[in-house]
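Chemist: My structure is below; once you've seen it, I'll send some questions.
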Amino acid sequence: MSRIARLASRLEEPLLVTGLVNVRYLTGLESSNAAVLVDPSGDATLYTDFRYAEAASEIDGVTFRKTPRLVIPALSELLSGRRVGVEAAHLSLASAEALRAGGVDLVSTSGQVEALRAVKEPGELDAMRRAGAISDRVYEELAEQPFVGRTEAELAWWLEQAWHDAGADGPSFDAIVAFGENGARPHAKLRDVPVPEGTLVVIDAGCAVDGYCSDCTRTFFTGEPDGRLRKLYDLCLQAQLDGLAAVRAGAAGRDVDAASRVAIEAASLGEKYGHGLGHGVGLDIHEEPSLRPESDSVLEVGNVVTIEPGIYLAGDVGVRIEDMVVVTEDGCERLTAVTKEPVVVG
Ligand code: GLY
Ligand code: MN
């Protein structure tokens, strides 16, 4: 069944899809301005402007309707008098007001397309396997690079080029390269400061292949690790392995998250692991399902999630280790498989 047909079979009233990644998922159209109206009957109308008209007119399974440059004012006329579901997460208040002012009866909905996206099809998994394989190659090459004396920004630029050289579309997000105290900030900003000897360098980076993202983090040692840093690394690795071991279809996201906290809490460092264990990945770098203490997700075969515990000692160092995996009936398959043995870089 097509994606649109699967969505339609879940609908009670027409759904106006305005999230651009959701539009892409349903129709294949990549654009900065489009919407698709999916009817419970399975009929679908794709709205976009002149710039994407040729591409949109070639898409099977939808009726294309060209709009002026701004889709929402056009829809407020075209849909006037109708009751339609809208994606609350992907419709601005201004757009909702414009639609209502035009006489469209809006019903707020959430997560309908995202729920489909969370379970990957074979073709999507193929793209994600390729993204993971490129990620592994690039991280192997990265481990051969000199770190000491190069800045975080320089290493991030090396990564950006490496993704292209390796055949990816490009990066899936702005790389995080963070040593020492900057590594204690999970989403650190790049600095123009050279990496010194004797520290930990957190590198969180990924690429996109056919639009599908990879996400992987490794923490490198510059120079032979002293006992304290090595213990911190081993603790994070234990948490990561515990998280991986808890992944399987039917597992609750919050339980998988909890499994990754046991070792870190036993070391009295629970407070230093202040984010969730992981997130879904796909066309977006962060999507459903979620692995967090407050998660309501239950894992299903075909979900792709990250497993990325971290320990962050403010003003000192941080460590994070992350793999991306696909959920199977009784466990998971790693899509990123580069070594997690401690790697010493020059
Ligand atoms: N890779 C960045 C993040 O997951 O937040
Ligand atoms: Mn991640």
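Values in this text are rule-based calculations from the coordinates and carry no lab data. Small disclaimer: the values here were computed from a predicted structure and weren't measured. Heads up, the Cβs are rebuilt from the backbone with ideal geometry, glycines too, and the neighbour counts pull from every protein chain shown.
Chemist: Can you name every residue in the range 294-333 that is of a type in the set (Gly, Ala, Ser), within 16 Å of Ala252 (Cβ to Cβ) and in contact with a Gly (Cβ under 8 Å, 6 or more places away or on another chain)?
Modeler: Matches in the range 294-333: Ser295, Ser297.
Chemist: Given the condition in a loop (DSSP other than H, G, I, E, B), touching a helix residue (DSSP H, G or I) at 6+ places or on another chain (Cβ under 8 Å) and surrounded by 21 or more Cβ atoms within 10 Å (Cβ to Cβ), answer yes or no: does some residue in the range 224-246 qualify?
Modeler: Taking every residue of the range 224-246 in turn, none turns out to be in a loop (DSSP other than H, G, I, E, B), touching a helix residue (DSSP H, G or I) at 6+ places or on another chain (Cβ under 8 Å) and surrounded by 21 or more Cβ atoms within 10 Å (Cβ to Cβ).
Chemist: Suppose we keep only residues that are among the hydroxyl-bearing types (Ser, Thr, Tyr) and assigned to a helix (DSSP H, G or I) within the range 130-166. Which one would you say is surrounded by the fewest Cβ atoms within 10 Å (Cβ to Cβ)?
Modeler: Tyr139
Chemist: Are any residues in the range 300-336 touching a helix residue (DSSP H, G or I) at 6+ places or on another chain (Cβ under 7 Å) and away from ligand 2 (no atom under 16 Å from the Cβ), and if so, which ones?
Modeler: Scanning the range 300-336 gives Leu313, Ala314, Gly315, Asp316, Val317.
Chemist: Of the conditions (1) within 16 Å of ligand 1 (Cβ to nearest atom); (2) assigned to a loop (DSSP other than H, G, I, E, B); (3) among the aliphatic types (A, V, I, L, M), Val256 fails just one. Which one is it?
Modeler: (2)
Chemist: While we're on this one: Applying the selection to the range 247-279, what residues are buried (at least 21 other Cβ atoms within 10 Å of the Cβ), under 16 Å from Val304 (Cα atoms) and not aliphatic (A, V, I, L, M)?
Modeler: Gly253, Asp257, Gly278, His279
Quick grid of which residues meet (1) closer than 15 Å to Asp204 by Cα; (2) acidic (Asp, Glu):
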residue: Asp255; (1), (2): no, yes
residue: Gly278; (1), (2): yes, no
residue: Leu283; (1), (2): no, no
residue: Glu287; (1), (2): no, yes
residue: Arg292; (1), (2): no, no
residue: Val319; (1), (2): yes, no
residue: Val325; (1), (2): no, no
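Chemist: Do we have Thr27 as buried (at least 17 other Cβ atoms within 10 Å of the Cβ) and within 16 Å of Leu91 (Cα to Cα) here?
Modeler: For Thr27, the condition - buried (at least 17 other Cβ atoms within 10 Å of the Cβ) and within 16 Å of Leu91 (Cα to Cα) - is not met.
Chemist: Taking the conditions exactly as written (within 30 Å of Lys120 (Cβ to Cβ) and either within 16 Å of ligand 1 (Cβ to nearest atom) or touching a residue at least 60 places away in the same chain (Cβ under 8 Å) (or both)), does Tyr273 satisfy them or not?
Modeler: yes
Chemist: Is there a residue being in a loop (DSSP other than H, G, I, E, B), hydroxyl-bearing (Ser, Thr, Tyr) and away from ligand 1 (no atom under 16 Å from the Cβ) anywhere in the range 314-328?
Modeler: Looking for residues that are in a loop (DSSP other than H, G, I, E, B), hydroxyl-bearing (Ser, Thr, Tyr) and away from ligand 1 (no atom under 16 Å from the Cβ), one finds none in the range 314-328, hence no.
Chemist: Ser268 fails exactly one of the following numbered conditions: (1) under 28 Å from Glu181 (Cα atoms); (2) more than 15 Å from the chain's Cα centre (by Cα); (3) touching a residue at least 60 places away in the same chain (Cβ under 8 Å). What is the number of that condition?
Modeler: (3)
Chemist: May I ask you to list pairs of residues, at least six apart or on different chains, whose Cβ atoms are under 8 Å apart, with the first in the range 210-230 being closer than 30 Å to Val326 by Cβ and among the basic types (Lys, Arg) and the second being within 16 Å of ligand 2 (Cβ to nearest atom) and outside any strand (DSSP E or B)?
Modeler: Every condition considered, the pairs that remain are Arg218/Tyr139; Arg218/Ile321; Arg218/Val338; Arg218/Lys340.
Chemist: Of the residues that make up the range 264-282, is at least one within 16 Å of ligand 2 (Cβ to nearest atom), not small (Gly, Ala, Ser) and not in a loop (DSSP other than H, G, I, E, B)?
Modeler: So far as the range 264-282 goes, yes, one or more of its residues are within 16 Å of ligand 2 (Cβ to nearest atom), not small (Gly, Ala, Ser) and not in a loop (DSSP other than H, G, I, E, B).
Chemist: Among the residues of the range 122-129, are any surrounded by 14 or more Cβ atoms within 10 Å (Cβ to Cβ) and touching a helix residue (DSSP H, G or I) at 6+ places or on another chain (Cβ under 8 Å)?
Modeler: No: the range 122-129 contains no residue that is surrounded by 14 or more Cβ atoms within 10 Å (Cβ to Cβ) and touching a helix residue (DSSP H, G or I) at 6+ places or on another chain (Cβ under 8 Å).
Chemist: Restricting attention to the range 157-192, which residues are of a type in the set (A, V, I, L, M, F, W, C) and over 22 Å from Tyr233 (Cβ atoms)?
Modeler: Result: Trp157, Trp158, Ala162, Trp163, Ala166, Ala168, Phe173, Leu190.
Chemist: Sticking with this one: So in the range 176-223, with the set limited to residues that are assigned to a loop (DSSP other than H, G, I, E, B) and of a type in the set (Ser, Thr, Tyr), which one is nearest to ligand 1 (Cβ to nearest atom)?
Modeler: Checked the range 176-223; the qualifying residue nearest to ligand 1 (Cβ to nearest atom) is Ser214.
Chemist: Run down Gly243, Gly250 and say which single residue is closer than 28 Å to Glu114 by Cα and more than 16 Å from ligand 2 (Cβ to nearest atom).
Modeler: Gly250
Chemist: Within the range 83-98, count every residue that is surrounded by 16 or more Cβ atoms within 10 Å (Cβ to Cβ) and in contact (Cβ under 8 Å) with a residue 40 or more places away in the chain.
Modeler: Summing the residues that are surrounded by 16 or more Cβ atoms within 10 Å (Cβ to Cβ) and in contact (Cβ under 8 Å) with a residue 40 or more places away in the chain in the range 83-98 gives 7.
Chemist: Return the only residue of Glu87, Glu30, Glu77 being under 22 Å from the mean Cα position of the chain (by Cα) and either of a type in the set (Lys, Arg) or within 20 Å of Leu106 (Cα to Cα) (or both).
Modeler: Sole residue among the options that is under 22 Å from the mean Cα position of the chain (by Cα) and either of a type in the set (Lys, Arg) or within 20 Å of Leu106 (Cα to Cα) (or both): Glu87.
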